[in-house]
Amino acid sequence: MRSKRTTNPFWNRQQKIAPYLFIAPFYLLFVVFMGYPLISSLVMSLYEMRGFQSRIFVGLGNFTDLFRDPIFWKSLRNTAYFAIGTLTLQLPIALLLAILLNSKFVKGKNVLRLAFFAPVLVAGVFVAIIFNLVYDQRAGLVNQEFVLFGKEIGWLNEEKYVMPAVILTGVWQWAGFNMIYFLAGLQGIRQELYEAAAVDGANWWQAFIHVTLPSLRPVIAFVFVVSMIGSLQLFDLPFILTNGGEPADAGSTIVMYLYKNGFQFMRLGYAATIGWVLFFIIAIVSIVQLKLLGIFREE
Amino acid sequence: MLRLSIDAESFPLGKGPMVMLVLFLISTLFIFGHSEEQGEDLEFWIFANTHYEEYQARVPLFEAENPAVNVRLINFGGTMHDKLLAAMLSNFGAPDLVEVEITSIGRFLKGAIDEIGFVDLRPRLESEGWMDKLVVSRFTPWSYRGRIFGVPHDLHPVVLLYRDDLFKAAGVEMTAVKTWDDFIAAGKKATRDLDGDGKIDQYAIVLDRRTESDYFSLLLQQGGGFFDEDGNVIIDSELAIKTLEFFTALFNEHEIATPVYGTWHGDPSNFAAMQDGKILSILAPDWYVGILKSQVPQMSGKWKAIGMPAWQPEGRRTTTRGGTMIGITKQCKNPDRAWELLKFTYFDRSGLVNRYETTRIIPPLKAAWDAPIFREPDVYLGGQPLGELFIELAPDLPARYQNPYWSEAADLLNDAIFAAVTEKQTPREALTELAEKVRTLIAKDMGRWGDM
């Protein structure tokens, strides 16, 4: 890059402060829109607020109330259920699709890639509205077409089916998106590794276990962590699909419960507490995931 | 001394970035230096599209009568209540006038009575004699501790909308149904397995068991509620328990009710079931009839309406569901001017007649009810003058007392109703437990805050 010195003292001085000015917008925006709200919400979690002006200090009272709150635990269970469903169902499907689309034997790859990726372009609200029709107990596509279930399943009306319905919707919407990450990872694996494995007599499965998966480890770690964080922050899909978490809070998630407390019940201190508990959950889960996937390990 | 000599050559990153910077500065000055129209501004927030259409036509008339006023009408849709909450919380950015939906108003009433973000309209309403001119029970959802924070937009009386053809095919004349006992008898005849496959193909009524909407309507019809006028929890009263027992019996004992198809009465699945003849009746407020007309116009001529069945002979034949108020916020700089706009949009007879024409919403202003439009035959109901029926029922609307804890209470009530209908708890257990939870919540707050 060309470096130019000038005799003009204004620009000489300016060159010294320019780097700070260039990074200043980020820090200013961070302080205003992230730093201040973070600190403010932490302070808020130690208060109980009532109405628009009154607040009293309750220390860790909101946290102890939260851990005794059955709806919080139910929301946490539902969120964990979705996260596990995402990891065990959505990501393997995404990986499988990526492997299929990376193979030499599949035709029309570009069209298929677009088709699998397309659902993520649909806004979550519309996805929820569409799947509301799909899951309808009597007229819905799922119950109409999949008679192998042998009975009318109340996907959105019976508590035990609500989260599976949300998970399946998540698979439809996000599997294609994660597939793109896996596909990029697969395309980055050097062909020589497969050739060497073939020379060593490895079959397809052994090559997959000993070449593909280890080479994909950084991508898998990234997708797992990002998907897990996204799952723990689940809100709009079940909120619309289950009309606010009904029936009997079967579709309630942590963020939905946070929203309800903050905006519907006007319990802002309590909502801030839920937010911080969610933050610690995400931080712990992410660190454990990265540790288990060996991302902190030195090669 | 610093010599400020800016030219394109000495600008460190060259000519291009300098031109961009200059353009940025000019456009910033233009945007922020742009002066608004002359005159006084009134900002008016709403959340309903149908209201937006109406006010878009009304506001220019108000501005023509008041040339010094510019009204900025903003429709935020479903996110409006959250924006209003944020504006009131930060004490900055709230509109002068705002419409608030009935299930959302509770959260704005929390805190000390003097901290509530709306102007008390009682003095204006009383001094100008408006209280007597409107249906007085409709002020209760917008009142708290003797103050009135909003003027009702609507009445929302509820009728029983029914498929006359299908009931008649089952040998039932619905105009003879006067009480809920009559309805159960009629419903047992009309709920049928038409093709003999052992599954019921048509149900006498569709009810929402996931949310409080239908159950609470039935409770209000009898003068019950979740809270009484003084804010006491009364959801475990014998009246409330008996009503929930009746509600669950419609599903489980009499087997004449079907749960709503989809997640609520306005779900496309529910409309599909109606078109397929699976649903023979529904408890319908005036706004719901408007939704039906727009969403399932192909069912025109198939519905008829009667007043809701009463709980005892000569009892109340209606209830109320839903509602909107208009209020003046405390951030309004000129409440007198805002009050004038409020009256123009809510109390003008010709405007209210026009409102009925576009939305089928019956206005609370009694002076508007004698307009011929309310007596006109309604094509959607096969020529029955629906407006006339609504107006006949309107004076008998029950009171619906408001409370700051309504949002929490309603959320828990949804769970209690579902538990009772799915027989996880008896109605008595579900409502007793619910009442206890809400009382505990209130008692805890009272312990911390005192009686605010």
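Every number here is computed from the coordinates shown, using simple stated rules; none is lab data. The structure presented is a predicted model; accordingly, all values stated were derived computationally and were not measured. Because the Cβ atoms are built from the backbone with ideal geometry, glycine has one as well, and the counts that use them run over all protein chains shown.
With Cα atoms defining each centre, region B:194-248 and region B:378-429 are spaced 8 Å apart in the structure.
Just need the relative contact order of chain B here, percent rounded to a whole number, with Cα pairs under 8 Å and 6+ apart.
Working: 719 pairs, mean separation 106.2, N = 452.
It comes to 24 percent, rounded to a whole number.
Counting Cβ atoms of other protein chains within 10 Å of each Cβ in B:401-414 and taking the mean gives 3. What you get for chain A, charging only the Cβ of Lys and Arg (+1) and of Asp and Glu (-1), is a dipole of about 1220 debye around the Cα centre. How charged is the neighbourhood of A:Val162? Take every other residue with its Cβ under 10 Å from the Cβ of A:Val162, and add Lys/Arg as +1 and Asp/Glu as -1. It works out to a net charge of -3. Per residue of A:8-15, other chain Cβ atoms within 10 Å of the residue Cβ number 3 on average.
For Cα pairs less than 8 Å apart in space and 6+ apart in sequence, what is the mean separation divided by the residue count of region A:64-292, i.e. the relative contact order in percent?
Working: 257 pairs, mean separation 65.3, N = 229.
Dividing the mean separation by the residue count of region A:64-292 yields 29 percent.
Placing a pseudo-label 7 Å from each Cα along the Cα-to-Cβ vector at B:Ser27 and B:Arg448 gives an inter-label distance of 4.7 nm.
Take each residue of peptide B:254-264, count the partner chain Cβ atoms within 10 Å of its Cβ, and average: the result is 4. Sorted fewest first by neighbouring Cβ atoms within 10 angstrom, B:Lys168, B:Lys178 come out as B:Lys168, B:Lys178. Legend: ranking of residues A:Phe263, A:Phe105 from fewest to most surrounding C-beta atoms inside 10 Å; resulting order A:Phe105, A:Phe263. Distance from the Cα centroid of region A:163-232 to that of region B:172-187 is 63 Å (rounded to whole angstrom). Close amide-amide hydrogen proximity is noted between B:Tyr203 and B:Ile279, B:Leu280, each under 5 Å apart and 5 or more residues distant or on a separate chain (H modeled in the peptide plane; Pro and chain starts excluded). Using the Karplus relation 6.51 cos²θ - 1.76 cosθ + 1.60 with θ = phi - 60°, the per-residue 3J(HN,Hα) values for region A:92-106 come to x, 5, 4, 5, 4, 4, 5, 5, 4, 6, 8, 7, 6, 8, 8 Hz, with x marking Gly and Pro.
Of the GluC sites (Glu not before Pro) in region B:246-345, the ones in a loop by DSSP (not H, G, I, E or B) with at most 16 other beta carbons within 10 Å are B:Glu253, B:Glu255, B:Glu314.
Compared with the dominant Cα axis of chain B, that is its longest principal axis, helix B:406-421 is turned about 30°.
Sorted by packing (mean other beta-carbon atoms within 10 Å per residue), highest first, where do B:191-201, A:228-238 land? All intermediate terms of the calculation are to be shown ahead of the outcome.
On the way: B:191-201: 11.5, A:228-238: 19.5.
In descending order of packing, they fall as A:228-238, B:191-201.
A Förster radius of 56 Å combined with the Cβ-Cβ distance from B:Met20 to B:Thr440 puts the calculated FRET efficiency at roughly 0.35. Please identify which residues in region A:95-125 have an amide N closer than 17 Å to a label point set 7 Å out from the Cα of A:Trp204, following the Cα→Cβ vector. From region A:95-125, the list is A:95-107.
Placing a pseudo-label 7 Å from each Cα along the Cα-to-Cβ vector at B:Arg72 and B:Ile234 gives an inter-label distance of 4.4 nm. For the listed peptides B:158-166, B:298-306, A:55-63, B:384-392, a ranking on the average number of other beta carbons within 10 Å per residue, highest first, reads B:158-166, B:384-392, B:298-306, A:55-63. With each label modelled as a point 7 angstrom along the Cα→C-beta vector, the B:Lys343-B:Glu314 pair spans 4.1 nm.
Applying the Karplus relation 6.51 cos²θ - 1.76 cosθ + 1.60 with θ = phi - 60° to region B:353-362 yields 3J(HN,Hα) values of 5, 5, 4, 5, 4, 8, 10, 6, 8, 7 Hz, where x marks Gly and Pro.
For the peptides B:115-121, A:283-289, what is the packing order when you average, over each peptide's residues, the other Cβ atoms within 10 Å and list the highest mean first? Display every interim value, and only then the final one.
Numbers: B:115-121: 21.4, A:283-289: 13.6.
Those peptides, ordered most packed to least, come out B:115-121, A:283-289.
May I ask for the net charge around A:Glu48, where only other residues with Cβ less than 10 Å from the Cβ of A:Glu48 are counted and Lys, Arg are +1 while Asp, Glu are -1? For residues surrounding A:Glu48, the net value is +3. The string of couplings for region B:320-325 from the Karplus curve (6.51, -1.76, 1.60, θ = phi - 60°) is 9, 9, x, x, 9, 10 Hz, one whole number per residue in order, with x for Gly and Pro.
If the label point is 7 Å along Cα→Cβ of B:Ala86, which residues in region B:97-120 have backbone nitrogen under 12 Å from it? From region B:97-120, the list is empty. Based on C-alpha pairs under 8 angstrom that are at least 6 apart in sequence, region B:52-209 has a relative contact order of 10 percent. Shape class for the protein assembly as shown, computed from the alpha carbon gyration tensor (a ≥ b ≥ c): oblate, with a/c not under 1.5 and a/b at or below b/c. Only helices enter the 222 nm calculation for chain B: every DSSP H run of n ≥ 4 contributes -39,500 (n - 2.57), and dividing by all residues gives -12500 deg cm²/dmol, rounded to 500.
Can you classify chain A as rounded, prolate or oblate using the Cα gyration tensor, where a ≥ b ≥ c are the square roots of its eigenvalues, rounded means a/c under 1.5, and otherwise it's prolate if a/b beats b/c and oblate if not?
It comes out oblate by the Cα gyration axes.
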